[in-house]
Amino acid sequence: MKLINIGFGNIVFANRVIAMVSPESAPVKRIIQESREKGNLIDATQGRRTRAVIIMDSDHIVLSASQPETIAGRVDKELAEEINTNDDAEE
């Protein structure tokens, strides 16, 4: 089970993430509004500006104040560390 830090101590399960997108486009704004109306919106921005919208496989939408690139970089860093750990264990 992989966890992703999405900022300010908030974490999501990596295997449940479908997409991370910018909140700027009209379709994404519509997705946010529809999710808010259905009660499936999770606001993890801590009152800051939304910079990433994370779409989960459970139909939940998570708002984050971190950039999508920053969050993706954290995932890549964790994967690289795991690969290095596995390589060391095999030797």
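The values are calculated or read from the model by the stated rules, or taken from the named source; none is laboratory data. Note that the coordinates shown come from a computational prediction; the quantities given were computed from them, not determined experimentally. When we count neighbours, we look across all protein chains shown, and the Cβ atoms used for this are built from the backbone with ideal geometry, even at glycine. Please note that ligands, DNA and RNA were not included when accessible areas were found on the heavy atoms of the full protein model with its side chains. Shrake-Rupley method; radii C 1.70, N 1.55, O 1.52, S 1.80 Å.
Observations on the model:
- Length available on full extension from N40 to L3: 0.36 nm per residue minus the Cα-Cα distance, which gives 11.3 nm.
- Between S22 and R48, the C-beta separation translates, for a Förster distance of 25 Å, into a calculated FRET efficiency of about 0.95.
- Between E34, E81, E24, the Gaussian network model of the chain with springs among Cα atoms under 10 angstrom shows the greatest mean-square fluctuation at E81.
- In the chain, the portion of solvent-accessible area held by carbon and sulfur atoms comes to 50 percent [1.4 Å probe, whole percent, DNA, RNA and ligands not counted].
- Remark: the Cα gyration tensor places the range 9-86 in the prolate category, a/c being 1.5 or greater and a/b exceeding b/c.
- Å² of accessible area per residue within the chain, as computed with a 1.4 Å probe and no ligands counted: 66 Å²
- Listed residues I55, I18, I71, most fluctuating in the chain (Gaussian network, C-alpha, under 10 Å): I18
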